[in-house]
1. For the range 1-46, enumerate the residues that are of a type in the set (A, V, I, L, M, F, W, C), in a helix (DSSP H, G or I) and farther than 18 Å from D98 by Cα.
2. Can you tell me how many residues within the range 47-91 are in contact (Cβ under 8 Å) with a residue 60 or more places away in the chain, assigned to a helix (DSSP H, G or I) and either of a type in the set (A, V, I, L, M) or loosely packed, with under 14 Cβ neighbours inside 10 Å (or both)?
3. How many residues are acidic (D, E) and either under 15 Å from the mean Cα position of the chain (by Cα) or surrounded by 12 or more Cβ atoms within 10 Å (Cβ to Cβ) (or both) if we restrict to the range 92-108?
4. I'd like the full set of residues that are aliphatic (A, V, I, L, M) and farther than 15 Å from E18 by Cβ, limited to the range 38-80.
5. Of a type in the set (D, E), under 18 Å from H76 (Cα atoms) and out of contact with any Lys or Arg (no Cβ under 7 Å at 6 or more places or on another chain), is that true of E18?
Amino acid sequence: MARDFDRSRRVGEQIQRELSELVRREIKDPRLGMVTISGVEVSKDFSTARVFITVLGKERSAAEEDLEILNHAAGHLRGLLGRSIRLRHIPKLSFFYDAAIDSGARMDALIDAAVASDHHDKDE
């Protein structure tokens, strides 16, 4: 079992690298922001891949249009991916917003606020 997981992780990493380049080079839609592929989870049977993205300067609500554009182009990207990596079957791509970046930024802001509050309390 561990071997299957290791292979799906490696395939996901390879898809992530290739998709990052393909999105940058092939998707010419002017509405698309600065998209970063932050992770890819490939199913155990390699039939589907969940592609997680973040968009520079946009939160989840503002990134909906970018997700729509990428999900619309998923078939085209899958075809291009099939030409660039060697797999018997290329997984079906589905794009999702990666909320981990937003959560990390919120946690960072909370920590900064707590530290500032401690310094303010010590000064009084």
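Just so it is clear, none of the values below were taken in a lab; they were calculated from the coordinates. Bear in mind that the values here come from a model prediction, so they are computed numbers and not experimental data. Here the Cβ is made from the backbone with ideal geometry for all residues, glycine too, and neighbour counts use every protein chain on show.
1. Step one: list which residues in the range 1-46 are of a type in the set (A, V, I, L, M, F, W, C), which gives 1-2, 5, 11, 15, 19, 22-23, 27, 32, 34-35, 37, 40, 42, 46.
Okay, now just the ones that are also in a helix (DSSP H, G or I), so 2, 5, 11, 15, 19, 22-23.
Answer for the range 1-46, where residues must be of a type in the set (A, V, I, L, M, F, W, C), in a helix (DSSP H, G or I) and farther than 18 Å from D98 by Cα: A2, F5, V11, L22.
2. So the count comes out to 1.
3. Taking the range 92-108 first, the residues acidic (D, E) are 98, 102, 108.
Narrowing the set further to residues that are either under 15 Å from the mean Cα position of the chain (by Cα) or surrounded by 12 or more Cβ atoms within 10 Å (Cβ to Cβ) (or both) leaves 98, 102.
Result for the range 92-108: 2.
4. V55, L56, A62, A63, L67, I69
5. It is true that E18 is of a type in the set (D, E), under 18 Å from H76 (Cα atoms) and out of contact with any Lys or Arg (no Cβ under 7 Å at 6 or more places or on another chain).
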